[in-house]
1. Confirm whether residue 251 is open to solvent by 10 Å² or more (accessible area, probe 1.4 Å), more than 30 Å from residue 402 (Cα to Cα) and modelled with pLDDT of 95 or more.
2. Is there a residue being at pLDDT 95 or above and of a type outside the set (A, V, I, L, M, F, W, C) anywhere in the range 316-333?
3. Can you tell me which of (1) touching a helix residue (DSSP H, G or I) at 6+ places or on another chain (Cβ under 6 Å); (2) β-branched (Val, Ile, Thr); (3) free of Cβ contacts under 8 Å to residues at least 60 places away in the same chain is the one residue 395 doesn't meet?
4. Consider residue 296 against the criteria (1) part of a helix (DSSP H, G or I); (2) over 30 Å from residue 213 (Cβ atoms); (3) open to solvent by less than 20 Å² (accessible area, probe 1.4 Å): it satisfies all of them except one. Which criterion is unmet?
5. Of 239, 277, 260, which residue is assigned to a helix (DSSP H, G or I) and open to solvent by less than 50 Å² (accessible area, probe 1.4 Å)?
6. Filter the range 302-323 for residues that are open to solvent by 20 Å² or more (accessible area, probe 1.4 Å) and not in a helix (DSSP H, G or I); which is nearest to residue 270 (Cα to Cα)?
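The values are calculated or read from the model by the stated rules, or taken from the named source; none is laboratory data. Bear in mind the structure is a predicted one, so any value in this text is a computation, not a measurement. Backbone-built Cβ (ideal geometry, glycine too); neighbour counts: all protein chains shown. Ligands, DNA and RNA are stripped out before the accessible areas are found, and what is left, the full protein with its side chains, is counted by its heavy atoms. Shrake-Rupley method; radii C 1.70, N 1.55, O 1.52, S 1.80 Å.
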Amino acid sequence: MSSSTSSNSHEHGASKEFIVLMAFIISLVALSIDAMLPALPDIGRDLGVNEPNRNQLIVSILMLGMAVGQMIYGPLSDSIGRKPAIHLGYGLFIIGSLLSIFATDFNMMLLGRLLQGVGVSGPRIVAVALIRDRFEGRMMAQVLSYVMSVFIIVPAMAPAVGQAILLFTEWQGIFVLLLLMAIAALVWLQLRQPETLTPERRKPFSLRNILRAIREVCHTPVALGFTLVTGIVQGAFLAYLNTAQQLFQVEYGLGEHFPAVFAALALAIGLASVANARLVVRFGMQKIATYALMAVSVISLICFVVSAMMGGLPPLSVLMVFLLPLLFCVGLLFGNLNALAMGPLGHIAGVGAAVVGCLSTLVSVPIGIVIGQAFNGTVLPLIGGFALLGVLALIVVLIIRRKLGEIH
């Protein structure tokens, strides 16, 4: 009898506590990224940053740390167990949080954020493996859907949380909240969640397996192509995250109302994730990805022309008319592109997912930084970036389809 089947024989359902714990663990990722946004100018000012665009690195460096981390934690948790791997991740995250809280200059802050990124990717990756250990089939899908629904709510709420903290204290308070959440999750996991990977099922940690998986992804055109496309789309989205605070809070003068606009746009992405569950059954992943990229390209190009005619900064209502459907299409792309990249890698699913996630993030971070640093007080660098990247990603997808036909 397989281990997953044996675990299912005595687990007829997921407890509410287990679902809440997994959601709590995964939510720390979104909070670590989005809760920072309202505080970026304050952090930059206090740490002597003269160029506002440099503050964006506080977001980008965390993503870079996550890229490095997700390559390591999956294989590591297969070797030493799920809980020790999560403990290691939280340990690094706590050190990074302390460095950020007590940062005396911007470089110390970036080091703290890098460690936070490397750390938080551990619980994020291993939590999914932990769910996979306990459940299979429809039960696993149900638990994952409950947990991942948090990803719809938390990014929308995170800037409001950060803004609320700033009303009562300094920006360090946001890092204190992240620190306390990590400690709470660590204690909760240790006291209430048994280890799910028994010693006899563990595999030795092998750098060779990771290198072999990297080589296989790079030599599999479908996997490499869709990994590249995933990175391109993520790069455009990271550019949006990098510039959102400056654009809405400063250029549009929203001030403390910035989180409300950000929440509306985040919910458009979340709504797309929900809609995709139905659409993918009817149309298939590749068709949805192709049409979504077409829509991203067309919407961005029209928005760029309209914005240029209005001096680069159209009325907020006009911009929202374009951004809501644009980010809805991005939401459709996220899950489908990742699944398409993983399609040929079923035989190395665990380490394959780590490689795809790492490589796509390593593509996205430089793109997001370059577009973000080009911010000039208008929407043109961001929207122009979406247009160029949308067309580039579409070309790559069409090349894959032409060479290899439809992927089913």
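1. Details: open to solvent by 10 Å² or more (accessible area, probe 1.4 Å): yes; more than 30 Å from residue 402 (Cα to Cα): yes; modelled with pLDDT of 95 or more: yes.
Taking the combined requirement at face value, the residue satisfies it.
2. Taking every residue of the range 316-333 in turn, at least one turns out to be at pLDDT 95 or above and of a type outside the set (A, V, I, L, M, F, W, C).
3. Result: residue 395 fails condition (1) only.
4. Answer for residue 296: the failing condition is (2).
5. On the way: 277 fails: open to solvent by less than 50 Å² (accessible area, probe 1.4 Å); 260 fails: open to solvent by less than 50 Å² (accessible area, probe 1.4 Å).
Answer to the selection: 239.
6. Taking the range 302-323 first, the residues open to solvent by 20 Å² or more (accessible area, probe 1.4 Å) are 302, 304-306, 308-311, 313, 315-318, 320-322.
Right, trim to not in a helix (DSSP H, G or I) and you get 310-311, 313, 315.
Values: 310: 30, 311: 31, 313: 26, 315: 25 Å.
Of everything passing the filter in the range 302-323, 315 is nearest to residue 270 (Cα to Cα).
For every residue, the table says whether it meets (1) assigned to a loop (DSSP other than H, G, I, E, B); (2) surrounded by fewer than 21 Cβ atoms within 10 Å (Cβ to Cβ); (3) at pLDDT 95 or above.
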position: 11; (1), (2), (3): yes, yes, no
position: 41; (1), (2), (3): no, yes, yes
position: 53; (1), (2), (3): no, yes, yes
position: 57; (1), (2), (3): no, no, yes
position: 65; (1), (2), (3): no, no, yes
position: 74; (1), (2), (3): no, no, no
position: 85; (1), (2), (3): no, no, no
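Residue-wise test of (1) free of Cβ contacts under 8 Å to residues at least 60 places away in the same chain; (2) open to solvent by 10 Å² or more (accessible area, probe 1.4 Å); (3) part of a helix (DSSP H, G or I).
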{"position": "325", "(1), (2), (3)": "yes, yes, yes"}
{"position": "333", "(1), (2), (3)": "no, no, yes"}
{"position": "341", "(1), (2), (3)": "no, no, yes"}
{"position": "352", "(1), (2), (3)": "no, no, yes"}
{"position": "359", "(1), (2), (3)": "no, yes, yes"}
{"position": "364", "(1), (2), (3)": "no, no, yes"}
